[in-house]
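Trainee: Dropping the structure in here first, questions after.
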Amino acid sequence: MSLISGLLIGCNTTPKYASYDDYPVYDGTDLELTYSPQSSAFRIWAPTASEVKLLLYDDGSEGGAYLTKNMSRAEKGTWTAKIDENLKGKFYTFQVKIKDKWLNETPGMWVKATGVNGKRAAIIDFAETNPDGWDNDVRPPLTNFTDIILYEIHVRDFSISPNSGMKYKGKFLAFTERGTKNTAGEATGIDHLKELGVTHVHLLPSFDFASIDETKLNENKYNWGYDPENYNVPEGSYSTDPYNPVKRIKEFKQMVQALHQAKIRVIMDVVYNHTAAGKDSHLNLLVPGYFYRMNADSTWSNASGCGNETASERAMMRKFMVESVVYWATEYHVDGFRFDLMGIHDIETMNAIRAALDKIDPTIFIYGEGWTAGASPLAEDKRAVKKNAKQLDNIAVFSDDLRDALKGSWQHAEIPGFVSGTDSLEESVKFGVVGATQHPQVDYTKLIYSKAPYVNNPTQIINYVSCHDDMCLVDKLRESKPADATDDELIRFDKLAQTVVFTSQGVPFLYAGEELYRNKKGIKNTYQSPDSINQIDWDSKTTHKDIFEYYKGLIALRKAHSAFRIPTQDMVQQHLEFLKFLVPNVVGFVLTDHVNGEVWKDILVIYNGNRKAVKVGIPAGDWNLVCHDGIINLSGISEVKYTTFVVAPSSASIMYVK
Ligand code: CA
């Protein structure tokens, strides 16, 4: 009897596949739901299911289904159902039977609107999610990726502080507020970003994540959000009403629109590399196993360090990722994507994403972490890791080599870097200066991590000294400082670190609040720390005015001078020449001959990592000093007429000839 039923299932009901490569691939664009006032057509991909049900609800989280409908097996592993009524305002889930077992309900992985906490899908009219003027929303202009200045911010950190002056604290809508001020009356929020001069806001995860209970927002819980629930839906806790499926979508769009009006582009942090749940994720409840990599012993592989890792190399996962970013770029007008643990994804998928976004707008920026957080079954030569970055088309990776050369090891908080006076890091700093490209004057054997240039052009490298992960810059500098270093010296270390970031070739990246000398009370990885640790303290803008002015000056220098924004390796090789100094822990270079349309003829930059002043030889010329001893003044500090020059302790000097 069991043999016969087994055969029946095998032949007539449930197809069997020898491997995931044999699963049918559905190439249509109508997965999940196609809504019109006349009908709703549902389609999901579940090739191994023996039965599939559609359940309809009146509410997004409460009560039982008012209708349950069996779905019909359709082409390429899909199942369909159609209801000829206007279902606007209703909610639904799917339920899949595998062999003889009904799995838990799921809104599906292609879901685009949900009720509270993302457990049921919502049927809405997307036309109602568009704010006024949305059709006229355009991306601010961008020529080269090296013109970008990234500002990484968590939605809640931006506004939650009592001194933010913002009304919509912790919400997407805080990014729509203008004229907001801190206690001393200085600009906060978007006005502050305008004043600072950044070109792109990079939002920490803002898709629907699992760690915050959207029904208990009065608890004021905090999380970074690297725990995906629904990839194609905005996070509910950042909306003014997570129960209303239209609001979170509309408010996300209002945020994008307001940033665009402020001439700031918007980047989403995307986390396709793993899901918050494993066995019961919305992916796995459709097609168990397919979307994830497993170890040889059938346990879940875990290159994410979060319990599972997705399998981008499988056709339907690749299709999902490509369509998801295209969806955010088109429906929400998002201007770029930062891929969390991009090294878990395969090169072919990342290049497919680049190609798909190029069709929409080639100025959409893509970058990611070129590493994994653990071992992966995916062969290393297929991974989108920094070592393979030359095979990634116009996709950038983070330079951990420059980061840790400047401030010291991320793993060992007590170890200082170049800016705090540590010896023998000059070549890693130079590697940062040339944007991780090939340059004849860099000795790649002396780098702290890599042993070779890893990108084709500076457009492919993100230069930074800190981000949300690990200690923020101020905490790291304090933790690793030489025993006798003073608070004033810490400020010198801080300014020097960011001067290297902003005068290096590549794309500079700033962690929000560092322009206000932000600290996180020494806590590493504050992913679930309270607001008191994570919030931007806007009054720091007043107490650390000098830091803010310096950072603003660095950004103004970079934006006004294209020599710092060279787009190609060839041009860097021809026009960036390192100086040879007899003093250790000093790096200097000249950008020559109006490179990349530069208005100044030559620019000389010197970083002194020593805690004492150093005298160095410089090329003869009528130099004009614009940055020196912790001060930036683009209209000129003084003239330099001699071929020896004294660089102040732990600081940078920048000068030019006309
Ligand atoms: Ca959520």
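Trainee: Let me spell out the model: positive unit charges on the Cβ of Lys and Arg, negative unit charges on the Cβ of Asp and Glu, origin at the Cα centre of the chain. What dipole size does that give, in debye rounded to 20? Show your work: numbers first, answer last.
Mentor: Values: 71 positive and 84 negative charges, 33 e Å.
Charge dipole of the chain: 160 debye, to the nearest 20.
Trainee: What is the distance in Å between the Cα centres of segment 604-642 and segment 145-176?
Mentor: First find each Cα centre; the distance between them is then 35 Å.
Trainee: Another question about this same structure. Provide the per-residue ³J(HN,Hα) series for segment 214-229, in order, calculated from phi with Karplus coefficients 6.51, -1.76, 1.60 and θ = phi - 60°, each as a whole number of Hz, with x at glycine and proline positions.
Mentor: Listing the rounded values in order: 5, 8, 10, 5, 5, 6, 6, 6, 10, 7, 4, x, 7, 8, x, 10 Hz.
Trainee: Would you mind getting me the FRET efficiency between Ser532 and Thr215? Use the beta-carbon distance for r and R0 = 22 Å, nearest 0.05.
Mentor: 0.40
Trainee: Tabulate in residue order the Karplus-calculated ³J(HN,Hα) for segment 303-310, using 6.51 cos²θ - 1.76 cosθ + 1.60 with θ = phi - 60°, rounded to whole Hz; enter x for Gly and Pro.
Mentor: Taking θ as phi minus 60°, the curve returns 5, 7, x, 10, x, 7, 9, 7 Hz for segment 303-310.
Trainee: Would you please classify the overall shape of segment 351-416 from the alpha carbon gyration tensor, given that a ≥ b ≥ c denote the square roots of the eigenvalues, rounded means a/c under 1.5, and beyond that prolate means a/b larger than b/c while oblate covers the rest?
Mentor: Details: a/c = 3.23, a/b = 1.68, b/c = 1.92.
Oblate shape, in that a/c is at least 1.5 and b/c is the bigger or equal ratio.
Trainee: Taking DSSP loops as anything outside H, G, I, E and B, show the longest stretch in the chain free of GluC sites (Glu not before Pro) there with at most 15 other beta carbons within 10 Å.
Mentor: Details: sites that count: Glu62, Glu85, Glu414.
Excluding the exposed sites themselves, the longest stretch runs over 86-413.
Trainee: Sticking with this one: Can you compute the modelled spin-label distance between Thr29 and Ser635, with each label point 7 Å from Cα toward Cβ, in nm?
Mentor: The modelled label-to-label distance comes out at 5.4 nm.
Trainee: Here is a further query. Taking 8 Å as the Cα distance limit and 6 or more residues as the minimum spacing, I'd like the relative contact order of segment 576-657 as a percentage.
Mentor: Numbers: 193 pairs, mean separation 25.7, N = 82.
Relative CO of segment 576-657 lands at 31 percent.
Trainee: Still on this structure, I have one more. Report the calculated FRET efficiency for Glu75 and Lys99 (r = Cβ-Cβ distance, R0 = 25 Å), to the nearest 0.05.
Mentor: Values: r = 22 Å, r/R0 = 0.90.
In this case the efficiency is close to 0.65.
Trainee: What pairs from Lys16/Lys97; Lys90/Lys247; Lys615/Lys658 go past 20 Å between their alpha carbons? Don't jump to the answer; show the numbers that get you there.
Mentor: Values: Lys16/Lys97 14 Å; Lys90/Lys247 15 Å; Lys615/Lys658 24 Å.
Check vs 20 Å cut-off fails for Lys615/Lys658.
Trainee: What pairs in Lys216/Lys520; Lys53/Lys99; Lys181/Lys545; Lys171/Lys221; Lys119/Lys171; Lys263/Lys521 have C-alpha atoms more than 23 Å from each other?
Mentor: Values: Lys216/Lys520 25 Å; Lys53/Lys99 14 Å; Lys181/Lys545 15 Å; Lys171/Lys221 13 Å; Lys119/Lys171 21 Å; Lys263/Lys521 33 Å.
Over 23 Å apart, Cα to Cα: Lys216/Lys520; Lys263/Lys521.
Trainee: Which order do the peptides 353-361, 39-47 come out in when sorted by mean C-beta neighbours inside 10 angstrom, highest first?
Mentor: Details: 353-361: 16.4, 39-47: 21.8.
Sorting 353-361, 39-47 by mean packing, highest first, produces 39-47, 353-361.
Trainee: Roughly to the nearest percent, how much of the accessible area of segment 217-329 is carbon and sulfur, given a 1.4 Å probe?
Mentor: Values: 1560 of 3180 Å².
Here carbon and sulfur together make up 49 percent of the probe-accessible area.
Trainee: Would you pull out the residues with amide H under 5 Å of Phe207's amide H, same chain only if 5 or more places away, H placed 1.01 Å from N?
Mentor: It is Glu235, by chain and number.
Trainee: Give me the lysines in straight-line cross-link reach of Lys359: C-alpha distance below 20 Å, same-chain residues under 8 apart excluded.
Mentor: Lys319
Trainee: Could you give me the ³J(HN,Hα) list for segment 323-334, computed from phi with Karplus coefficients 6.51, -1.76, 1.60 and θ = phi - 60°, whole Hz, x at Gly and Pro?
Mentor: 5, 5, 5, 4, 4, 5, 6, 9, 5, 10, 6, 5
Trainee: Given H placed 1.01 Å from N in the peptide plane, which residues other than close sequence neighbours of Lys181 have an amide H under 5 Å from its amide H?
Mentor: Amide H neighbours of Lys181: Thr188.
Trainee: Using a Förster radius of 56 Å, what is the FRET efficiency between Thr240 and Lys580 based on their Cβ-Cβ separation? Nearest 0.05, please. Numbers along the way, then the final one.
Mentor: Values: r = 60 Å, r/R0 = 1.06.
For R0 = 56 Å, the calculated efficiency reads 0.40.
The values are calculated or read from the model by the stated rules, or taken from the named source; none is laboratory data. Keep in mind it's a predicted model, so treat the numbers as computed, not measured. Cβ sites come from the backbone with ideal geometry, for glycine too, and all protein chains shown count toward neighbours. Side chains included, ligands, DNA and RNA excluded: accessible areas come from the protein's heavy atoms. Shrake-Rupley method; radii C 1.70, N 1.55, O 1.52, S 1.80 Å.
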